[in-house]
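Student: Questions regarding the structure given below will be posed in turn.
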Amino acid sequence: MNPKTTLALSLSAASILVLASCAQNEPKQTYPSHHPYQSKQMHDSKRRADAGRTTGDDALAQANRLSDVNTTAQIRRNVLATRNMSYNARNIEIVTLNGHVTLRGPVNSLAEKERIGQLAERVAGDNPVDNQLTIRRTTAGN
């Protein structure tokens, strides 16, 4: 081998060794609780810790049945397509589990609560809709 090739190979080998040792010293990646890589056990323990919910029909329990996913998506599209909906109303929790639709979260008015309930009932058809939306109390200046 000529000296230039030997030098290039030596530098390449040294670079690989340096990079490999750096990779071993990097801290282990951690993910926030909402990240998809977190374990199901963490989500389950978070659900159990939430004393305000006893039914287990929150977003973590959302069924993977195509009909449930489609129902939730259609309700969400209808809410977003409705004019003059508040930021709160656009971000409510919509869960469909075995056809049963549950609506949760704050909205700014009784009219929004009723309108979203009507949209959900129209999409759900004969399936029940549990409208647990709450009317957010606003203070002067907000």
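Student: Collect the residues in the stretch 68-80 that are free of Cβ contacts under 8 Å to residues at least 40 places away in the same chain and touching a Leu at 6+ places or on another chain (Cβ under 9 Å), keeping them in residue-number order.
Tutor: Answer for the stretch 68-80, where residues must be free of Cβ contacts under 8 Å to residues at least 40 places away in the same chain and touching a Leu at 6+ places or on another chain (Cβ under 9 Å): just D68.
Student: Looking for whichever is exposed (fewer than 15 other Cβ atoms within 10 Å of the Cβ), within 16 Å of A73 (Cβ to Cβ) and either out of contact with any strand residue (DSSP E or B) (no Cβ under 9 Å at 6 or more places or on another chain) or touching a residue at least 12 places away in the same chain (Cβ under 8 Å) (or both) here; the options are G125, G99. Which one fits?
Tutor: Result of the check over G125, G99: G125.
Student: If a residue must be on the phi < 0 side of the Ramachandran plot and either basic (K, R) or surrounded by fewer than 14 Cβ atoms within 10 Å (Cβ to Cβ) (or both), how many such residues does the stretch 71-85 contain?
Tutor: Total meeting the criteria: 6.
Every read-out reported here was derived from the displayed coordinates using simple, explicitly stated rules and does not represent laboratory data. This structure is a prediction, so every number in the text was calculated from the model and none was measured. Every residue, glycine as well, gets a Cβ built from its backbone with ideal geometry; the counts of neighbours run over all protein chains shown.
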